[in-house]
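Report on one structure; see the data block that follows.
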Amino acid sequence: MVRGMKKSKSKDRESTKIRKERVKELLTSLGIKIYNDLDNQIFPELEIPSRSVSNIVYDKRLKQYILGDAIIKRSSSNMRHLRSFTQLVWLAFFVNKLVNEGKTSTLRDIYYSSQAFNMDFEDQPESDHIITDLEALISFAREDFNIYPEERSSIFGDLTIEYTVRGYEGRRLNLADHPDGYLIGPSLSSAEFIETSAEMVLAVEKGGIFTRFVEENVHKKFKALIVDTAGQPPRATRYLLKRLHDELSLDVYILADGDVYGEHIAMVIKSGSANAAHLRELTVSDAKWIGVWASDIQKYKLPTDPMTEADIKRCYELKNDPRYQLDIWQKELDLFIKMKRKSELEAFAKYGLTKITDDYLPEKLKIANSL
Amino acid sequence: MSKAFSEISPSEFFYRNRDLAGFTNPTRSLYMTVRELVENSLDACDAERILPDIYISIKALSEGQDPKHYVVSVKDNGPSIAAEYIPKALGKVLYGTKFTLKQARGMFGLGATMAILYGQITTNKPVKIVSAYDSKSYEYTMMLDIQHNRPVILSKNEKVSNNSSGLDIEITLEGDYSKAQQKIKEYVAQTALITPYANITFDDPFNNKIEYKRITDEIPSPPIEVQPHPAGIDVETLRRLINKELTLISFSDVRDKVKKELNARTNQSADTLAELAREKWDRLSRDVKLITSLAVLLSINLDEIDKIRIDKINPNTDEASYITFDERYLTVKLQKIEPFYKYLLSIVEGDTLLSFLVKNFQRVGESTARKFLEYVKFDEDKRIGTLTNDEIVRLTEAMQKYSEFLPPDANCLSPLSAKFLEASMESMFKPEFVEAIQRPASAYSGFPFIVEIGVAYGGEIKEEGIKLYRFANRIPLLYDEGSDISWKVIKEIDWKRYKISFDMPLIIVTHICSTKVPYKTVGKEYIADRPEIEYELKNGLRFLARKLFLHLSKKKHAEMASKRANIYSRYLPLLAQFSKELANASRLPKYEKLIRYGKRYEEEQE
Ligand SMILES: Nc1ncnc2c1ncn2[C@@H]1O[C@H](COP(=O)(O)OP(=O)(O)OP(=O)(O)O)[C@@H](O)[C@H]1O
Ligand SMILES: [Mg+2]
């Protein structure tokens, strides 16, 4: 074993299993409550935290959006609620089976599976909505009950994992074995971390830069795990970043395009999104945004494109967002607004393909660590 | 230079002003021709209570571009016209049988003749008329002498025919079918709608036959001709009524009657006549009494009476003025020989006002007449023959204004009936909802009218928005809808109150029947605003809007109820099943009662 190799704490190693058990418990007790009510000729009711805009508040201490105290009562006696009530219970039943059988399902699968049970969803957004209801009801993310979105991002670097998915239990894999990286899917998400030589995680916005970093041995040079977020990272990726941070104590650095959307990718990894305000397990609050800052565009004389109306509007929106009130976030937004120009990560190629790994990355990491 | 005066005939007048009657251009004229002929046929059938079979045909005489020559023919199974009247009825304007106080489609004695006139001036072709009447068939070809308002017969054929009666009129005219066809088809369809007891076939220029079959054998009860209502009178009409009472007959008309009743010779002296007449005075007819009285009082014999013309008899001075055979004008004092003097005076002075009013007007009995005469301050015993011009005007104005007369008799009207309007709308539109109403008879300016309205909604009516079908005296009105009183009323109703919105598929039918429909033009296209008619329309429409509202809310209720039943019985069993599996239970929960509770619970919520 290489010196300095980190091992996941054994307490955390059990985390996946424990979480699944907890989810199953919650689902079963939901079923029992409803069963008993029906059996006693009582219309069952459910209380779900309200996800309406007025109930989404920013928690300064947690540095993320959370739900307030407002509760929505959904009663099966109400003609207008009965359908979605039944959909929710069907979903609980369905994912309970998934978890028990160790199977996973995509959002789209859920939409189609419902039809086999004589349940009707108008369209996929409706079934997605019910999935979010279930998340809010039991306060677990859908990944915890084995539902994953289609979008996938990937990871590469020296990390040994052990599968927990059915049929692969106990099998191990090192994530540096395949230069294209590994998809962050259900089996990787639910795997246990065994050991790693990495000291940090580098999350980059784009596949192209991810590949460049692998080619340039960034993982070795910087002792890093490289994650391609593929734009705004899916929740499974955010969840994985959090686990890497919490279980392996790795620092997380974020590198995205030099525009307002890039800045926001970093912010969502750090502080979460309003859409997931009902969940608390998705943020890495001390992750660091290392670039590309508006000031970097000037400093490195990057080629630029003009910002669109929409870009500028988005800047002003974010300026008022409670997550953006800290120094650097405001300063960079102001600078974007002033310059009205933006640059992509690829823009460094103007100064040679390795400019970004040779100069930019080390300089920015240094600055980040000095802050 | 002196100006030359000249006079034109009525036909000349309408020739010059044919757009007054709707014959403005080839498009409009083609439509008007069909319309005038069809309406005449329906009028004729109605009058004899014959179930109408109407066959309309329009054929082009040549290929090529519109406007061009078309032959329009309309054939009916009505009573037709006696041969001797055909030329005048159809060849003279302002000649007809409908100038009466009862409802008919025609009113002016103009329609058919105008169509023939228009055909003649645009194609110079004669009209062909085939009439089956009294087991003979007559065929005329005829043109009009427009300057003199008279028909010119080109040919006349008479054949024995065992055809039942009917009239077939064939007019060649310049028309524009491509532009007129939409209106003509619409006209035929709407005529079928308002005449559900008729078979109507339309054979178009492309040999397509559109057929409307009758849906009932019941003809609406016929209108009865009535006396005028006092409020509908004008000075001229009143003067005519008075003069009719006062007419002196000419001797030549009654010569034989006098000789027979008196058993007298024409050269017998006045004294002898007096003798003869006194013997059987009470048994003599009015005419004979009058002639004898004149002869006795002027002291001349019957031969001489035949040769003079009475100019006037003045009851105030007891003088008679007359023109002799050799054109001398004489005024003589009347001798006061009874009973002749009193009788002549009663004829000349006429009835008392009281009995004149009672005899000549509807809704006027003795006590009404007496009250009215007190109101206008006329002596009830005043003789109508002594009324001066000013007094006639004063009397007319008072009759129009007096508000105590009962409303006019509506027996002269022949509405369709709510039942048939509804049935007809049902069969034509196949709606989800239909209801019709007939409002009680009302009157404007002394003319009775009845309003009928129907409303149909949904079903096979797909077009969104309100579609209005207007009818007057069972004629569809197709032009100038925007100016019509019905639209005005529709716009004024607060539909929102009835939860009816303008994007619903809705058909409204309005039908106004009157002895005098207040058209704004001779073209009979739209109806002027009369507050009385507006009132009836508005109330009728509100009533039907309420009915539709009830229907819609009932329907919504039923839909809700079945949806409710559906929702609980659809989802509760699933809920039971899923919870059973989740809870790992061995049997389903006993949820069945909840389905019933659920329905009740929701009902209470509403
Ligand atoms: N098809 C027919 N059968 C029997 N009589 C008819 C027919 N057509 C017309 N007449 C007679 O000819 C007359 C003249 O018809 P015309 O259409 O000129 O005038 P109208 O119908 O009286 O009034 P309007 O000008 O309003 O149409 C009618 O009053 C009617 O007596
Ligand atoms: Mg007519």
Scan the stretch A:36-50 and tell me whether some residue there is within 27 Å of A:Arg152 (Cβ to Cβ), within 14 Å of chain B (Cβ to nearest Cβ) and surrounded by fewer than 19 Cβ atoms within 10 Å (Cβ to Cβ). no
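Going through the stretch B:437-484 one residue at a time, which ones are among the hydroxyl-bearing types (Ser, Thr, Tyr) and at pLDDT below 90?
B:Ser442, B:Tyr444, B:Ser445, B:Tyr479, B:Ser483
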Which residues, counting only those in the stretch B:584-594, are part of a helix (DSSP H, G or I) and surrounded by fewer than 22 Cβ atoms within 10 Å (Cβ to Cβ)? B:Glu592, B:Lys593
So, in the stretch A:106-136, how many residues would count as being closer than 18 Å to A:Ile66 by Cα and within 13 Å of chain B (Cβ to nearest Cβ)? 1
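Determine if the stretch B:574-581 includes at least one residue that is facing chain A (nearest Cβ under 9 Å), over 23 Å from B:Trp495 (Cα atoms) and not in a helix (DSSP H, G or I).
Among the residues of the stretch B:574-581, not one is facing chain A (nearest Cβ under 9 Å), over 23 Å from B:Trp495 (Cα atoms) and not in a helix (DSSP H, G or I), which makes the answer no.
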Give B:Ile184, B:Ile215, B:Ile219 a once-over and let me know the one that is outside any loop (DSSP other than H, G, I, E, B) and not hydroxyl-bearing (Ser, Thr, Tyr). B:Ile184
What are the residue pairs meeting all of these: first residue in the stretch B:88-112, first residue over 26 Å from B:Gln227 (Cβ atoms), second residue in a loop (DSSP other than H, G, I, E, B) and more than 6 Å from ligand 1 (Cβ to nearest atom), Cβ atoms under 6 Å, and 6 or more apart or on different chains? B:Lys88/B:Tyr95; B:Lys92/B:Asn149
So, in the stretch B:318-329, how many residues would count as being under 11 Å from B:Leu298 (Cα atoms) and out of contact with any Ser or Thr (no Cβ under 6 Å at 6 or more places or on another chain)? 2
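What tally of residues in the stretch B:101-116 results from selecting those that are touching a Ser or Thr at 6+ places or on another chain (Cβ under 7 Å) and within 14 Å of ligand 2 (Cβ to nearest atom)?
Qualifying residue count, the stretch B:101-116: 2.
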For the stretch B:65-82, check the following and say yes or no: at least one residue is at positive phi, among the polar types (S, T, N, Q) and near ligand 1 (Cβ under 8 Å from one of its atoms). yes
Wholly inside the stretch A:24-112, strands (runs of 3 or more DSSP E) that include 2 or more residues that are closer than 30 Å to A:Ala287 by Cα and in contact with a His (Cβ under 9 Å, 6 or more places away or on another chain) are A:64-67
Condition set within 11 Å of ligand 1 (Cβ to nearest atom) and either in contact with a helix residue (DSSP H, G or I) (Cβ under 7 Å, 6 or more places away or on another chain) or within 14 Å of chain A (Cβ to nearest Cβ) (or both), scope the stretch B:40-64, selection nearest to B:Thr122 (Cα to Cα): answer is B:Asn40
Any idea which of B:Ile300, B:Ile313, B:Ile291, B:Ile347 is assigned to a loop (DSSP other than H, G, I, E, B) and surrounded by 14 or more Cβ atoms within 10 Å (Cβ to Cβ)? B:Ile300
Within the stretch B:498-523, residues in contact with an Asp or Glu (Cβ under 9 Å, 6 or more places away or on another chain), under 26 Å from B:Ile224 (Cα atoms) and of a type in the set (A, V, I, L, M, F, W, C) come out as B:Val509, B:Ile512, B:Cys513
Test: residue in the stretch B:458-473 that is among the polar types (S, T, N, Q) and part of a helix (DSSP H, G or I): no
Scan the stretch B:558-568 and give yes if some residue there is surrounded by fewer than 17 Cβ atoms within 10 Å (Cβ to Cβ) and more than 14 Å from chain A (Cβ to nearest Cβ), otherwise no. yes
In the set A:Ile147, A:Ile72, A:Ile155, A:Ile110, which member is crowded, with 23+ Cβ neighbours inside 10 Å and free of Cβ contacts under 8 Å to residues at least 60 places away in the same chain? A:Ile147
Qualifying residue in the stretch B:16-28 (condition: assigned to a loop (DSSP other than H, G, I, E, B), within 16 Å of ligand 1 (Cβ to nearest atom) and free of Cβ contacts under 8 Å to residues at least 24 places away in the same chain): yes
Of those in the stretch A:185-210 that are out of contact with any strand residue (DSSP E or B) (no Cβ under 6 Å at 6 or more places or on another chain) and in a loop (DSSP other than H, G, I, E, B), the residue farthest from A:Arg243 (Cα to Cα) is A:Lys206
Within the stretch A:113-128, the count of residues that are surrounded by 15 or more Cβ atoms within 10 Å (Cβ to Cβ), assigned to a helix (DSSP H, G or I) and not acidic (Asp, Glu) comes to 3
Residue, farthest from ligand 1 (Cβ to nearest atom), within the stretch B:101-112, restricted to residues that are crowded, with 20+ Cβ neighbours inside 10 Å and more than 16 Å from B:Gly22 (Cα to Cα): B:Leu101
Quick one: in the stretch B:55-100, of everything that is within 14 Å of ligand 2 (Cβ to nearest atom) and among the small types (Gly, Ala, Ser), which residue is surrounded by the fewest Cβ atoms within 10 Å (Cβ to Cβ)? B:Ala89
Got at least one residue in the stretch B:38-47 being of a type outside the set (Asp, Glu) and either without any contact (Cβ under 8 Å) to a residue 24 or more places away in the chain or in a loop (DSSP other than H, G, I, E, B) (or both)? no
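The values are calculated or read from the model by the stated rules, or taken from the named source; none is laboratory data. Note that the structure is a prediction, hence the values are computed from the model and not measured. Every residue, glycine among them, receives a Cβ derived from its backbone with ideal geometry; neighbour counts consider all protein chains shown.
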